[in-house]
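Below is one structure; the comments refer to it alone.
The values are calculated or read from the model by the stated rules, or taken from the named source; none is laboratory data. This one's a predicted model, so the numbers in the text were calculated from it and none came from an experiment. Every residue, glycine as well, gets a Cβ built from its backbone with ideal geometry; the counts of neighbours run over all protein chains shown. Heads up: the accessible areas ignore ligands, DNA and RNA and are worked out on the full protein's heavy atoms, side chains in. Shrake-Rupley method; radii C 1.70, N 1.55, O 1.52, S 1.80 Å.
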Amino acid sequence: MNSFKVAVLGDVGVGKSSILLRFIANKFSPYHNSTVGAAYYVKEFHINGDSNKLYIWDTAGQEKYRSLVPMYYKNGNAIIIVYDLINYASYERAKIWFNEVIKYHDNSNANGYPIVYLVGNKLDLIMNDQKLRKVSSDVLMEFAKVNNLSIFEVSAKTGQNVTELFSVINGKLRELYQTNRLKNKNTTSSVIDIMTVKSSDKKGFCCY
Ligand code: GTP
Ligand code: MG
């Protein structure tokens with residue numbers, strides 16, 4: 001059994017928790033229960049008789065919690081940076097997070113980068129009206145190409161592309177693990193480190 005750590009970052013209200021609620025419990029809530037501190041989920045993947053665990057950290061988008069977020073992206077094997085497809089400011093915030101993540105990994109002794117996914121959420125809102133889209137596909141593709149990161153568009157509301165996103169991430173992490181190219185290869189012990197910090201912090205989290 002391998003364990004991988006995933007951190008989910010992004011501005012307040014972009015739908016980080018909703019994406020995870022859809023992925024873990026196949027549910028959606030129209031209400032915004034802003035995350036306090038961080039939340040934590042575990043999901044097991046079975047592939048060809050083999051299993052993996054994803055330890056997923058859902059960070060809080062509110063500004064007052066920003067100083068906590070590095071604790072999660074520093075240890076992540078995969079980082080998902082979410083923005084809202086109809087909110088340009090949230091895309092700008094996503095780029096700031098991306099630059100911060102890269103800067104940290106450039107300046108640290110970490111052996112390699114985590115894999116980073118830039119995820120546009122609320123796809124359902126633009127399906128019938130592309131004019132609502134605030135970031136053009138060309139701009140996105142250029143940003144992804146220049147920065148060597150993968151892009152995805154999902155809807156937590158309808159579930160579109162949500163499982164696919166995590167399947168792709170899981171597959172990529174397995175591949176990196178099997179070819180010895182995974183950052184923080186000793187994933188299990190680091191997971192425990194983070195969990196210990198979290199539970200003693202008492203910042204509030206929930207588990208599935
Ligand atoms: P913080 O925890 O405050 O950082 O926010 P968050 O990023 O976790 O956002 P959350 O998942 O709480 O969702 C914010 C609001 O957006 C809620 O009212 C959700 O119902 C709504 N929402 C989330 N995902 C979608 C989506 O795919 N489509 C639509 N239409 N609304 C969504
Ligand atoms: Mg949340």
Across 5 Å bins beginning at 0, the whole-percent shares of Cα-Cα pair distances in the chain come to 1, 7, 16, 21, 22, 17, 10, 4, 1, 0
Taking protein heavy atoms only, a 1.4 Å probe, and rounding to whole percent, the accessible area of region 36-191 owed to carbon and sulfur comes out at 48 percent
Listed by chain and number, the residues whose amide H is under 5 Å from that of Gly10, excluding neighbours fewer than 5 places away on the same chain and using placed H, are Val82
Given backbone amide H placed at 1.01 Å from N, residues whose amide H is under 5 Å from that of Val154, ignoring those fewer than 5 places away on the same chain, are Gly120, Asn121, Lys122, Leu123
Mean-square fluctuation maximum in Gaussian network of the chain, Cα pairs under 10 Å, restricted to Asn170, Asn33, Asn161, hits Asn33
Violations at 21 Å Cα threshold for listed pairs Lys74/Lys145; Lys103/Lys134; Lys95/Lys134; Lys16/Lys53; Lys134/Lys157 -> Lys74/Lys145; Lys103/Lys134
Mean accessible area per residue over region 37-136 (1.4 angstrom probe, all protein chains present, square angstrom) is 44 Å²
Here the percent of antiparallel bridges among DSSP beta bridges lying wholly in the chain, to the nearest 5, is 30 percent
Length gained, Val168-Phe28, 0.36 nm per residue minus C-alpha separation, equals 48.2 nm
With DSSP loop assignment and no more than 11 other C-beta atoms within 10 Å, the trypsin sites (Lys or Arg not before Pro) in region 1-69 are Lys27
Residues whose modelled amide H sits under 5 Å from the amide H of Val116, counting only those 5 or more places away in sequence or on another chain, are Ile79, Ser150
The ³J(HN,Hα) series, computed from each phi in region 134-146 with the Karplus coefficients 6.51, -1.76 and 1.60 at θ = phi - 60°, rounded to the nearest Hz and given as x for glycine or proline, is 9, 10, 6, 4, 5, 4, 4, 5, 5, 4, 5, 5, 4
Plugging the Cβ-Cβ distance of His46 and Lys95 into 1/(1 + (r/R0)^6) at R0 = 41 Å yields, to the nearest 0.05, a FRET efficiency of 0.70
